[in-house]
1. On average, how much accessible surface per residue is there in the range 128-247, in Å², for a 1.4 Å probe, leaving out ligands, DNA and RNA?
2. Hey, can you grab everything whose amide H is under 5 Å from the amide H of Asn176? Only 5+ residues off in sequence or another chain; H modelled, so Pro and N-termini drop out.
3. Note down the relative contact order for the range 138-247 as a percent, whole number, built from C-alpha pairs under 8 angstrom at least six residues apart.
4. Heads up, I need the accessible area for Lys222: 1.4 angstrom probe, whole protein in place, Å², nearest 10.
5. Quick one: net charge of Pro78's neighbours, Cβ under 14 Å, K/R +1, D/E -1?
6. Counting only protein chains, not ligands or nucleic acids, how are Phe94, Phe216 ordered by accessible area (probe 1.4 Å), most first?
7. At 1.4 Å probe size, put Glu193, Glu86 in order of accessible surface, largest to smallest.
8. How large is log10 I(q)/I(0) at q = 0.15, 0.17, 0.19, 0.22 Å⁻¹ when the Debye formula is applied to the Cα atoms of the range 144-247, each weighted equally and without solvent?
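The values are calculated or read from the model by the stated rules, or taken from the named source; none is laboratory data. The structure displayed is predicted, hence computed values, not measured ones. No Cβ is skipped: glycine too gets one built from the backbone with ideal geometry, and neighbour counts run over all protein chains shown. Keep in mind that these areas ignore ligands, DNA and RNA; they rest on the heavy atoms of the full protein, side chains included. Shrake-Rupley method; radii C 1.70, N 1.55, O 1.52, S 1.80 Å.
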Amino acid sequence: PAVIGFFPGRNGGLFIAPTPGGARLNRSEAFDAFTWRTVVNYDLTKDWNLWASFAKGRRPDVIAPSVSPGAPNFTIVPAEIADSVEIGAKGMAFDDRLQVEASAFSYDYTNFQTSVRDSSGNLRTINAGGASSTGFELQVIARPILPLTILATYGYNSGRFDDTDSAGQRQIFAGNQFRLSPDHTASLGLIYEQSLGDIGSMRLIGTYSWQSKVFFNDDNDKNDIDTLAESQDSYGLLGARARFSGP
């Protein structure tokens with residue numbers, strides 16, 4: 001059940017406006033659904049494996065409170081359904097000095113659930129309609145010489161809202177990018193380990209990670225009601241560390 005209410009005399013709420021006179025309102029509903037996942041693995045060789053996954057996922061229905069002036073009520077936001085397909089491969093080569101793992105995926109969403117701030121400044125959950133996410137991920141670990149390990153990753157993920165709904169009407173977030181979902185991510189790491197004989201060992205680590213622009217809200221700054229920045233441009237982080245271990 002969902003319950004909203006505020007004590008009498010309270011003038012406002014942080015995310016939801018108070019009910020008239022601070023009255024407590026509630027509504028409960030029962031929901032059920034069937035979800036599933038199927039995974040297939042195939043050993044191509046003793047060093048390489050192929051796999052595929054097919055699934056139907058679900059985010060439950062939401063009882064969303066809405067307290068408009070003089071008209072408190074609840075809205076049932078339908079369950080978000082995600083149909084997904086993933087395929088991948090992983091294995092080793094060159095006497096295990098090279099390890100590779102790669103995968104590609106596609107998600108198709110129905111009744112995508114997200115939160116918006118209405119004209120009164122209150123947060124509420126809505127059904128944003130159809131959406132999709134497609135991309136791939138790659139990870140490589142290489143040891144070209146014994147003391148050195150190289151780690152590299154790259155990910156591409158295009159998460160977008162559909163332009164129109166099932167009835168052909170333009171959606172509220174048509175073409176927008178998913179919040180907190182960069183299109184591109186990449187990283188590179190170098191690990192160098194060297195024995196120093198009787199005095200111990202040395203380990204040097206260098207890392208660099210990067211991601212493309214992200215939005216903090218699904219409206220992508222297109223329907224601002226304030227002056228706060230709702231996006232972050234691409235950026236990279238560089239790190240270095242050295243460690244000495246005694247005998």
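1. With all protein chains present, the range 128-247 gives 61 Å² per residue.
2. Result for Asn176 returns Phe161.
3. 23 percent
4. 130 Å²
5. -3
6. Of Phe94, Phe216, the descending order of accessible area is Phe94, Phe216.
7. From most accessible down to least: Glu193, Glu86.
8. Each listed q corresponds, in turn, to -0.76, -0.86, -0.96, -1.11.
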